[in-house]
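What follows is one structure encoded as structure tokens, with my remarks underneath.
The values are calculated or read from the model by the stated rules, or taken from the named source; none is laboratory data. All values derive from a computational prediction rather than experimental measurement. Here the Cβ positions follow ideal geometry from the backbone for every residue, glycine too, while neighbour counts run over all protein chains shown.
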Amino acid sequence: MKKIILILAIATLAALSSHAMAEEILNGAGASFPAPVYQAWAYEYNKATGARLNYQSIGSGGGVRQIVSRTVDFGASDDPIKPEQLKKDNLLQFPAVIGGVVPIVNVPGMKAGELKLDAEALCKIFLGEIKYWDDAKIKGLNTQAKLPHNEITVVHRSDGSGTTALFTNYLSATCPVWKSKVGEGKAVKWPVGIGGKGNEGVANYVKRTPHSIGYVEFAYAKQSKLAHTQLKNKAGNFVEPGFDSFEDAAAAGDFDPKKDFSTWLTNTPGKNSWPIAGATFILLAKDKKDANIKTVKFFDWAFKNGDTTAKSLTYVPLPTTLKDKVRAYWKTNGVY
Amino acid sequence: MPILKRKNPVDFSFSLVTALAALTILFLVGGIFIVLLRESSLAIGKFGLFDFLLSTEWNPVNNEFGAATAVYGTFVTTCIALIIAIPVAIGIAVFVTEIAPDFLKGPIGIAIELLAAIPSIIYGMWGLFTLAPLMARYVEPALQKSVGKLPVVGALFQGTPMGIDLFTASVILSIMIIPFTASISRDSFNLTPGIVKESAYAVGATKWEVIKDVVLPYSKLGVFGGIALSLGRALGETMAVAFVLGNNHQITSSLFDAAATITVTLANEFTEADTDMYLSSLFNLALVLFALSFVVLAIAKFFLLKAERRYSR
């Protein structure tokens with residue numbers, strides 16, 4: 001039903017706009033996380049060039065399915081598709097913006113950025129093995145802080161989401177027990193905790209429940225007044241989530257054009273890297289060259305002119321070196 | 001059959017058009033069923049229909065799916081919602097039809113209908129931001145201190161009260177189905193012939209006796225039908241529950257634990273279901289709900305038809 005409505009909506013929109021004036025129009029669909037920045041870019045792109053871009057935020061799963069069935073000009077996915085899968089579906093893939101996940105806590109008396117955690121502590125909390133805030137493991141990381149002897153309430157997402165995929169990818173990468181017991185994915189079988197719907201659901205529960213911990217999208221953590229934690233990265237440094245540490249993670253990431261940039265930015269080795277980051281990706285159908293050239297033109301414009309907009313919406317733009325890599329990838333595939 | 005009597009071409013074409021309109025419904029229901037069946041064939045093939053129904057495993061990472069947890073959540077929330085809603089709804093209906101002065105009947109009737117017209121997403125947001133905190137702070141601790149101390153029943157009220165649980169979801173559901181039950185009960189009560197009630201009053205019955213011994217027995221079947229229709233609504237309710245249930249696939253003894261229902265699982269997981277088996281299992285869940293709703297509505301219709309037959313006798 002939803003699909004039918006969506007198709008009708010797209011058809012109506014397409015019909016209406018093509019009626020209004022015969023102009024360039026691009027249709028994209030997929031991940032909801034980058035939708036605000038794509039739409040903001042589309043608005044500015046339209047003002048600058050007159051070309052229109054219509055992005056439907058229907059979720060990554062839907063985005064992949066739509067581009068595989070070739071009903072849109074480009075798809076968008078929050079998690080990288082593996083090169084073998086891309087080859088099978090005859091797709092191209094490149095990163096567009098960087099996002100990340102930030103643990104948020106509600107420990108009375110604890111200010112934003114005060115609590116320090118590492119992968120092991122985070123993993124054990126979400127496994128339910130660390131039950132109290134004054135556990136020796138947490139105490140060892142926070143020698144000065146006053147930690148209460150209260151039970152930890154774990155809050156996770158109740159809906160399938162790229163945020164969960166990124167978070168569980170990090171836990172799986174750093175914590176063998178998590179990998180074997182729970183694994184990674186957009187929805188997992190959580191050992192403990194309660195589920196909130198969407199970032200706002202998780203944020204709302206953490207805000208309201210004393211002694212709780214949850215995880216939200218970086219943009220969400222930044223906009224709402226929630227106490228984030230510091231995390232220990234692979235290099236052994238405690239880092240704060242911020243544009244710098246995300247850019248550092250992106251720069252340290254293993255983006256290989258030969259593998260269609262398919263990588264996560266979790267636990268990257270950079271000195272100042274935030275350990276739970278990831279790019280959100282654009283998918284193109286190799287056989288639709290005209291549409292691809294138009295899409296690439298849009299993203300090239302956005303890479304050049306869209307960084308300020310992205311940052312104002314708390315998205316992390318790609319580092320310049322990565323942008324150049326993406327441009328080279330476009331050139332190799334004959335769409336730039 | 002009027003269609004077959006070709007007396008008048010206008011009449012005939014009119015009948016044909018209405019018949020086509022009616023057939024569309026059958027076609028749609030059949031179409032939905034076929035699509036659900038086809039889409040879920042992958043999951044049915046792998047897990048088997050009955051094993052799927054009985055398995056409590058819901059693990060997208062391992063691609064293992066079972067409906068038991070979601071069916072359990074649906075069943076529990078619906079039952080508790082009905083337990084809360086039925087007495088209130090019947091109380092409302094009795095008040096409106098038999099007790100309220102005329103100037104109150106109109107406003108209360110309109111209020112009930114307004115309650116039914118509020119979109120469920122609004123109930124969901126209200127539930128998340130208003131009801132859940134109230135439940136977590138006042139209602140649930142109070143329940144734990146009172147009934148939670150009782151031996152067997154107490155097991156239902158264990159755990160930390162979080163407000164995102166079966167109990168809060170059931171309360172929201174009950175608020176949503178009260179208008180349905182109340183307005184159908186009201187209509188059934190109104191069908192009690194005035195002369196029967198007046199006769200009862202004439203032989204000296206009190207208001208309570210008239211309601212208990214005349215109105216309620218007379219409209220029993222209509223009320224049952226109303227309850228069954230609300231049951232159907234409660235089974236299918238999605239957005240309001242999605243915000244306050246947590247969507248944890250588990251079967252717990254406590255009502256203060258997060259759980260999942262079929263519709264909540266569909267709403268929460270459909271957009272990001274990335275493997276074919278995952279998607280197919282969600283369709284299979286939908287098929288289970290489709291069958292459940294069908295049975296419930298069939299029962300409702302049965303009671304309503306029986307009631308109608310009695311009144312027209």
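Inspect all residues belonging to the stretch A:97-115 and state whether any of them is surrounded by fewer than 19 Cβ atoms within 10 Å (Cβ to Cβ), within 14 Å of another protein chain (Cβ to nearest Cβ) and either outside any loop (DSSP other than H, G, I, E, B) or in contact (Cβ under 8 Å) with a residue 24 or more places away in the chain (or both). Taking every residue of the stretch A:97-115 in turn, none turns out to be surrounded by fewer than 19 Cβ atoms within 10 Å (Cβ to Cβ), within 14 Å of another protein chain (Cβ to nearest Cβ) and either outside any loop (DSSP other than H, G, I, E, B) or in contact (Cβ under 8 Å) with a residue 24 or more places away in the chain (or both). Inclusion of B:Thr77 among residues that are surrounded by 14 or more Cβ atoms within 10 Å (Cβ to Cβ) and within 26 Å of the chain's Cα centre (by Cα) is warranted. Applying the condition of being of a type in the set (Gly, Ala, Ser) and in contact with a strand residue (DSSP E or B) (Cβ under 9 Å, 6 or more places away or on another chain) to the stretch A:20-33 and asking which residue is surrounded by the fewest Cβ atoms within 10 Å (Cβ to Cβ) yields A:Ser32. Do we find a residue being in contact with a helix residue (DSSP H, G or I) (Cβ under 6 Å, 6 or more places away or on another chain) and at positive phi anywhere in the stretch A:311-331? The answer is yes, given that some residue of the stretch A:311-331 is in contact with a helix residue (DSSP H, G or I) (Cβ under 6 Å, 6 or more places away or on another chain) and at positive phi. When A:Phe238 is tested against the conditions (1) of a type in the set (Phe, Trp, Tyr); (2) farther than 27 Å from A:Lys131 by Cβ; (3) modelled with pLDDT of 90 or more, the lone failure is (2). Just one of the listed residues (A:Lys325, A:Lys304) is more than 22 Å from A:Gln66 (Cβ to Cβ), basic (Lys, Arg), crowded, with 16+ Cβ neighbours inside 10 Å and modelled with pLDDT of 90 or more, namely A:Lys325.
Within the stretch A:216-227, being part of a strand (DSSP E or B) and either under 26 Å from A:Pro83 (Cβ atoms) or hydrophobic (A, V, I, L, M, F, W, C) (or both) holds for A:Val216, A:Ala227. For the stretch B:32-67, the set of residues classified as in a helix (DSSP H, G or I) and within 14 Å of chain A (Cβ to nearest Cβ) consists of B:Ile32, B:Phe33, B:Val35, B:Leu36, B:Glu39, listed by residue number. Where helices (runs of 4 or more DSSP H) fall wholly inside the stretch A:228-336, the ranges with 2 or more residues that are small (Gly, Ala, Ser) are A:243-252, A:289-305, A:307-312.
Kindly indicate the residue of the stretch A:206-223 that is farther than 23 Å from A:Pro108 by Cβ and modelled with pLDDT of 85 or more and also farthest from the other protein chains (Cβ to nearest Cβ) among those meeting that condition. Per the criteria, the residue is A:Phe218. If you check B:Ile211, B:Ile227, B:Ile299 for being hydrophobic (A, V, I, L, M, F, W, C) and more than 17 Å from the chain's Cα centre (by Cα), only one passes: B:Ile211.
When the stretch A:177-205 is filtered for residues that are touching a residue at least 12 places away in the same chain (Cβ under 8 Å), in contact with a His (Cβ under 8 Å, 6 or more places away or on another chain) and facing another protein chain (nearest Cβ under 10 Å), the ones remaining, listed by number, are A:Trp190, A:Gly193, A:Ile194, A:Gly195, A:Gly196. Candidates B:Val223, B:Val210, B:Val214: the one that is more than 14 Å from chain A (Cβ to nearest Cβ), among the β-branched types (Val, Ile, Thr) and without any contact (Cβ under 8 Å) to a residue 24 or more places away in the chain is B:Val214.
If you go through the stretch B:146-175 and pick out every residue that is over 21 Å from B:Tyr123 (Cα atoms) and either within 14 Å of chain A (Cβ to nearest Cβ) or touching a residue at least 40 places away in the same chain (Cβ under 8 Å) (or both), you end up with 6. Could you list, in sequence order, the residues of the stretch B:236-247 that are assigned to a helix (DSSP H, G or I) and surrounded by 22 or more Cβ atoms within 10 Å (Cβ to Cβ)? Correct list: B:Ala240, B:Val241, B:Ala242, B:Phe243, B:Val244, B:Leu245. Scanning the stretch A:248-267 finds one or more residues that are touching a helix residue (DSSP H, G or I) at 6+ places or on another chain (Cβ under 7 Å), buried (at least 24 other Cβ atoms within 10 Å of the Cβ), modelled with pLDDT of 90 or more and hydroxyl-bearing (Ser, Thr, Tyr). Quick check on my filter: what residues within the stretch A:132-162 are within 10 Å of chain B (Cβ to nearest Cβ) and among the polar types (S, T, N, Q)? Across the stretch A:132-162, the qualifying residues are A:Thr153, A:Ser158, A:Ser161. When the helices (runs of 4 or more DSSP H) confined to the stretch A:122-192 are screened for residues that are surrounded by fewer than 17 Cβ atoms within 10 Å (Cβ to Cβ) and among the polar types (S, T, N, Q), those reaching at least 1 such residues are found at A:176-181. Within the stretch B:183-200, identify whether any single residue is modelled with pLDDT of 90 or more, surrounded by fewer than 21 Cβ atoms within 10 Å (Cβ to Cβ) and hydroxyl-bearing (Ser, Thr, Tyr), and answer yes or no. Yes; the residues of the stretch B:183-200 include at least one that is modelled with pLDDT of 90 or more, surrounded by fewer than 21 Cβ atoms within 10 Å (Cβ to Cβ) and hydroxyl-bearing (Ser, Thr, Tyr).
With the condition kept exactly as written, say whether any residue in the stretch A:280-294 is modelled with pLDDT of 90 or more and under 21 Å from A:Thr168 (Cβ atoms). Looking for residues that are modelled with pLDDT of 90 or more and under 21 Å from A:Thr168 (Cβ atoms), one finds at least one in the stretch A:280-294, hence yes. Applying the condition of being within 14 Å of another protein chain (Cβ to nearest Cβ) and in contact with a strand residue (DSSP E or B) (Cβ under 6 Å, 6 or more places away or on another chain) to the stretch A:34-65 and asking which residue is surrounded by the fewest Cβ atoms within 10 Å (Cβ to Cβ) yields A:Ala35.
Checking the structure you have, find out if any residue of the stretch B:155-165 is surrounded by 15 or more Cβ atoms within 10 Å (Cβ to Cβ), in contact with a Pro (Cβ under 9 Å, 6 or more places away or on another chain) and of a type in the set (Val, Ile, Thr). Checking the stretch B:155-165: not a single residue is surrounded by 15 or more Cβ atoms within 10 Å (Cβ to Cβ), in contact with a Pro (Cβ under 9 Å, 6 or more places away or on another chain) and of a type in the set (Val, Ile, Thr). Here's a check for you: in the stretch B:248-279, which residue that is part of a loop (DSSP other than H, G, I, E, B) and either in contact with a Pro (Cβ under 7 Å, 6 or more places away or on another chain) or more than 10 Å from chain A (Cβ to nearest Cβ) (or both) is surrounded by the fewest Cβ atoms within 10 Å (Cβ to Cβ)? It comes out as B:Ser253. Residues in the stretch B:177-234 that are of a type in the set (A, V, I, L, M) and part of a loop (DSSP other than H, G, I, E, B) were compared, and the one that is farthest from B:Leu289 (Cα to Cα) is B:Val203. Applying the condition of being without any contact (Cβ under 8 Å) to a residue 24 or more places away in the chain and not small (Gly, Ala, Ser) to the stretch A:166-176 and asking which residue is farthest from the other protein chains (Cβ to nearest Cβ) yields A:Pro176.
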